[in-house]
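A short worksheet on the structure shown next.
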Amino acid sequence: MANQSRRKFMRNSVMGLAALPFGAGILSKTAFAQELPRLDPSNSTAQALNYVEVASDASDHPAYEEGELCSNCMFFNAENEGCQLFPQNSVEPAGWCQSWTAKS
């Protein structure tokens, strides 16, 4: 009877390990696809980086160049409209901040 318990334990362990990558994949997609609250332009970090929700509103900023948008910045995550510079928030895809960097 000890052999049967051991076999059953081993079989269940192997099946559990085999299923682990599938479960992790589902959980990670769910975690990263969560909706983030939109960044408030009056937020202190947003102000420090001169974030605006409409890129053309930054046309008087010396670092701004036409065509620079959050959506084409390397820090932008299209899945949840997140930004690595503002990890707790989403940003306006048509927005801009002075840390804009072209995607490579």
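Solvent-accessible area of the stretch 44-90 (1.4 angstrom probe, protein heavy atoms only): carbon and sulfur portion equals 47 percent. Sorting 59-67, 78-86, 38-46 by average packing, meaning the other beta carbons within 10 Å per residue, from highest down gives 78-86, 38-46, 59-67.
Rolling a 1.4 angstrom probe over the protein heavy atoms with all chains in place gives the stretch 44-90 an accessible area of 60 Å² per residue.
Stretching Ser5 away from Gln47 to a fully extended chain increases their span by 8.8 nm, per 0.36 nm per residue minus the current alpha-carbon distance.
Diffusion of the stretch 44-90 by Stokes-Einstein, at 4 °C in a medium of 1.567 mPa s and with Rh set to the Kirkwood radius over alpha-carbon pairs, works out to 114 µm²/s.
The values are calculated or read from the model by the stated rules, or taken from the named source; none is laboratory data. Fair warning: this is a prediction, and the values are worked out from it, not measured in the lab. Heads up, the Cβs are rebuilt from the backbone with ideal geometry, glycines too, and the neighbour counts pull from every protein chain shown. We work out accessible area using only protein heavy atoms, side chains counted, and drop any ligands, DNA or RNA first. Shrake-Rupley method; radii C 1.70, N 1.55, O 1.52, S 1.80 Å.
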